[in-house]
1. May I ask you to say which residue of Ser180, Ser205, Ser222 is away from the ligand (no atom under 16 Å from the Cβ), crowded, with 19+ Cβ neighbours inside 10 Å and in the same structural domain as His134 (by the TED database)?
2. Specify which of the listed residues (Ser231, Ser214) is touching a residue at least 24 places away in the same chain (Cβ under 8 Å), buried (at least 20 other Cβ atoms within 10 Å of the Cβ) and within 16 Å of the ligand (Cβ to nearest atom).
3. Only one of Thr275, Thr256 is over 21 Å from the mean Cα position of the chain (by Cα), open to solvent by 10 Å² or more (accessible area, probe 1.4 Å), of a type in the set (Val, Ile, Thr) and more than 16 Å from the ligand (Cβ to nearest atom). Can you tell me which?
4. Could you check, for region 106-118, whether at least one of its residues is open to solvent by less than 30 Å² (accessible area, probe 1.4 Å), within 16 Å of the ligand (Cβ to nearest atom) and farther than 30 Å from Met217 by Cα?
5. Which one of these is open to solvent by 10 Å² or more (accessible area, probe 1.4 Å), without any contact (Cβ under 8 Å) to a residue 24 or more places away in the chain and part of a strand (DSSP E or B): Ser64, Ser80, Ser27?
6. Just checking, does region 42-51 include any residue being open to solvent by 10 Å² or more (accessible area, probe 1.4 Å) and either more than 27 Å from Pro274 (Cα to Cα) or touching a helix residue (DSSP H, G or I) at 6+ places or on another chain (Cβ under 6 Å) (or both)?
7. Among the candidates Lys52, Lys31, single out the residue that is in the same structural domain as Thr84 (by the TED database) and out of contact with any His (no Cβ under 6 Å at 6 or more places or on another chain).
8. If I filter region 119-160 down to residues being over 23 Å from the mean Cα position of the chain (by Cα) and within 16 Å of the ligand (Cβ to nearest atom), which single residue comes out as most open to solvent (accessible area, probe 1.4 Å)?
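The values are calculated or read from the model by the stated rules, or taken from the named source; none is laboratory data. Bear in mind that the values here come from a model prediction, so they are computed numbers and not experimental data. Cβ coordinates were reconstructed from backbone atoms using ideal geometry, including for glycine residues, and neighbour counts include every protein chain displayed. Just the protein is used for accessible areas: all its heavy atoms, side chains included, with ligands, DNA and RNA removed. Shrake-Rupley method; radii C 1.70, N 1.55, O 1.52, S 1.80 Å.
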Amino acid sequence: MVLEALDYRTDQPIRLEIAEGSIIQISECPKLLPTNSYIAPGLVDLQINGFKGIDFNTKGLSVSDVEALTHILFEKGITSYFPTIITNSDTATESLIKLIASACESNTEINTAIGGIHLEGPFLSPEDGPRGAHPREFIKAPDWDLFSKWQRVAGGRLRIITLSPEWPESIDFIKRCTDSGVIVSIGHTAANPEQINQAIAAGASMSTHLGNASHAMLPRHSNYVWEQLASDNLWSTLIADGFHLPDALLKIFLRTKPNKSLLVSDATSYAELPTGSYSGHIGGNVELDATGRLFMKERPSMLAGSAQSLLWCVNQLIRKNILPLPEAWNMASIKPTEAIFGKVTNDLKVGQPADLVVFERENDNLKIIKTIKNGKIVFSIPDEK
Ligand SMILES: [Zn+2]
């Protein structure tokens, strides 16, 4: 397969050859190409709860749901994602993990698209604020035996765990996770700065949606947000949907860690549904308004999760001039793989897997034209001509 478009990093026309799932050659393209058509690495979403009516956290989730969701995400330029399972009962968590694992085992396309499972809970803070929308009844101290059981059910696919290091059990737990190759991300936490630093020393390497799921008021000088932001060892994951973080705060977070920030959608099943009122497992009664903001119906100032794609977040950063296109795109494509695997595994380079997208730039809005996973076209917009 040959693709010709502008390199998203340089605006230069390139010709890219793909064989056996990998990029085998990149050369200058002498042809005159459309000036708004770009090629870039596929997007990678490390935190996604659902999309367009399908929820990874719903009882009754089926293999065909996971397949449908994978295809919806291909349309959004995602070539790899980490289905996120939030706090639930032990049995419900186990059955959701089992379902995702069996979806991977029964379908090669799903298996290659799912980079791993992200377990967000139940070892979080029970305090209101940090807890967010996670049900308090199931929140508990880190339990290695329970996690190991879930990891066996997952067939080793549990790749990221979000936890709060405020529990005395957390340090030993973090060491065991890190030793077994699981990424520990600090989130939904009320930990004090000392506990944050102990967690980092034990191997925690990421912050989950930094700045969200926290107390409304914090001590001004010493708190868990500053401590995580100040640590050079932690990646920040950020929800840049335009609602979760004010632009000024987002800019400060990005400037503090220009090389260790990445974007996640944290999308819920309400993402891209028609505007209106809904009720469900997360948040109860919620409303999605015309601007794309998802909030609690009874308390409209409270967000009820994200209803936007990772692509929307990239678009936000570009449209608001917070970051130029290449940087914004990298934070949602190559940076996530670097954070998880310790090196970029999806770069626009010879020898890398052909996980790619072709997009068009129209009035500061990026539109996906084609998505390629392991050298195979998995989405292509119907030809309008
Ligand atoms: Zn969360």
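1. Ser205
2. Details: Ser231 fails: within 16 Å of the ligand (Cβ to nearest atom).
Within the list Ser231, Ser214, the selection yields Ser214.
3. Within the list Thr275, Thr256, the selection yields Thr275.
4. Yes; the residues of region 106-118 include at least one that is open to solvent by less than 30 Å² (accessible area, probe 1.4 Å), within 16 Å of the ligand (Cβ to nearest atom) and farther than 30 Å from Met217 by Cα.
5. Unique residue meeting the criteria: Ser27.
6. Looking for residues that are open to solvent by 10 Å² or more (accessible area, probe 1.4 Å) and either more than 27 Å from Pro274 (Cα to Cα) or touching a helix residue (DSSP H, G or I) at 6+ places or on another chain (Cβ under 6 Å) (or both), one finds none in region 42-51, hence no.
7. The match here is Lys52.
8. Arg136
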